Amino acid sequence: MFNIIKSDLYRLVKSKGFYIVIGVVIIMAIVGVISMSAGHIGLSVDSSVDVTDAETLSKISSAKSLGEFRDIMKSFGAFKLDREIIGQNVNLYYMFIVFVVIILTKDFSNKSIKNTLSSAISRKKYYISKLLLILGISTLLIVFNNYFNYFLNFAVNGKEFSSNIGEITKITIYQLPLLYGIICLLVSIAFITRKTSMFNTISIPFIMVFQLLVMTITSMFRIKAEWFTNYELQYALVNLSNNPTSSYILKCSLLGFVYIVVFGLIGYYAFKRAEIK
């Protein structure tokens with residue numbers, strides 16, 4: 001098992017995709033910190049800075065330079081920009097997809113998995129080694145993303161718009177269970193599809209399609225969607241970065257644990273029963 005992890009880690013650091021992921025994370029941080037706004041993919045969720053009223057939108061659209069735009073954002077008064085950016089860690093979902101492709105689905109696409117399983121290693125050890133490496137490297141990415149945003153924001157925008165490092169650490173810990181859960185979902189999809197093209201087809205639009213589907217159903221049938229705005233991944237990550245209650249943290253952690261167990265077992269049994277060609 002250790003040899004598989006070592007081999008996959010070597011392949012990962014030799015892959016262009018790995019450095020593209022790091023580059024994208026750095027660029028997103030720079031753009032977010034300089035523009036003083038948290039970019040996101042998916043739903044527009046609540047923020048501590050309201051830029052939706054007509055007067056503010058008019059000012060923003062008429063800004064003639066980045067400096068003028070920053071002045072408009074600063075006019076709202078002090079706010080914790082690093083927390084706003086980290087609250088949009090749903091963006092990292094797409095980085096996790098790259099890791100799963102490099103570490104796992106390429107084995108199926110390249111047919112190398114058959115040779116690996118024909119040696120001394122069992123499917124159980126193979127599955128565990130892949131899952132642990134993906135979780136491990138994703139954890140490093142999450143930590144790098146959060147602290148890079150914190151230090152960059154502190155350097156560029158100063159203490160007035162920064163949290164303290166202890167708060168960033170707490171938010172990181174609060175978000176990990178749900179992020180681990182979504183990573184386990186991706187791994188299970190990879191073991192079910194066993195093909196890079198199919199995995200990408202399902203995983204890339206998954207979050208946005210799920211959000212759109214739920215919103216359509218709740219709107220059509222006038223269903224209260226409080227559970228959705230509390231525990232859907234994007235909403236939950238934002239909520240966890242904005243002074244959540246102990247009860248809410250516990251519920252999100254339990255939900256993340258359920259995701260880890262359920263998707264972990266689904267992926268394992270799908271792989272255990274699969275015919276490897």
Let me spell it out: the conditions are (1) surrounded by 20 or more Cβ atoms within 10 Å (Cβ to Cβ); (2) within 17 Å of Ile102 (Cα to Cα), and Asn200 meets all of them except one. Which number is the exception? (1)
Residues to consider are Leu186, Leu250, Leu178, Leu237; find the one that is open to solvent by 70 Å² or more (accessible area, probe 1.4 Å), among the aliphatic types (A, V, I, L, M) and part of a helix (DSSP H, G or I). Leu250
Residue by residue through the stretch 71-94, note down the ones that are surrounded by fewer than 20 Cβ atoms within 10 Å (Cβ to Cβ) and under 26 Å from Asn200 (Cα atoms). Tyr94
Kindly indicate whether any position in the stretch 234-251 is more than 30 Å from Ile72 (Cβ to Cβ) and either hydrophobic (A, V, I, L, M, F, W, C) or in contact (Cβ under 8 Å) with a residue 24 or more places away in the chain (or both). yes
Looking at Ile128, Ile142, Ile137, can you tell me which residue is out of contact with any Pro (no Cβ under 7 Å at 6 or more places or on another chain), open to solvent by less than 10 Å² (accessible area, probe 1.4 Å) and of a type in the set (A, V, I, L, M, F, W, C)? Ile142
Within the stretch 1-29, the count of residues that are β-branched (Val, Ile, Thr) and closer than 14 Å to Ser129 by Cα comes to 2
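Please work out if Ile207 is in contact with a Leu (Cβ under 9 Å, 6 or more places away or on another chain), surrounded by 12 or more Cβ atoms within 10 Å (Cβ to Cβ) and not in a helix (DSSP H, G or I).
no
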Tell me which residues, restricted to the stretch 196-255, are farther than 23 Å from Leu185 by Cα and of a type in the set (Phe, Trp, Tyr). Phe221
Scan (1) open to solvent by 80 Å² or more (accessible area, probe 1.4 Å); (2) in a helix (DSSP H, G or I) for the single condition Val214 breaks and write down its number. (1)
Among the residues listed as Ile204, Ile266, the single one being of a type outside the set (Lys, Arg) and more than 16 Å from the chain's Cα centre (by Cα): Ile266
Those residues of the stretch 1-22 which are within 12 Å of Leu141 (Cβ to Cβ) and open to solvent by less than 30 Å² (accessible area, probe 1.4 Å), in sequence order: Leu12, Val21
State whether one or more residues within the stretch 106-115 are outside any helix (DSSP H, G or I), out of contact with any Ser or Thr (no Cβ under 6 Å at 6 or more places or on another chain) and open to solvent by 20 Å² or more (accessible area, probe 1.4 Å). yes
Name the residue that is nearest to Arg11 (Cα to Cα), counting only residues in the stretch 116-125 that are out of contact with any Lys or Arg (no Cβ under 6 Å at 6 or more places or on another chain) and either open to solvent by less than 40 Å² (accessible area, probe 1.4 Å) or touching a residue at least 12 places away in the same chain (Cβ under 8 Å) (or both). Thr116
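The values are calculated or read from the model by the stated rules, or taken from the named source; none is laboratory data. Remember, predicted model here, so these are calculated numbers, not experimental data. Note that each Cβ is placed from the backbone with ideal geometry, even for glycine, and that neighbours are counted across all protein chains shown. For the accessible areas, the whole protein counts, side chains as well, though only heavy atoms, and no ligand, DNA or RNA atoms are used. Shrake-Rupley method; radii C 1.70, N 1.55, O 1.52, S 1.80 Å.
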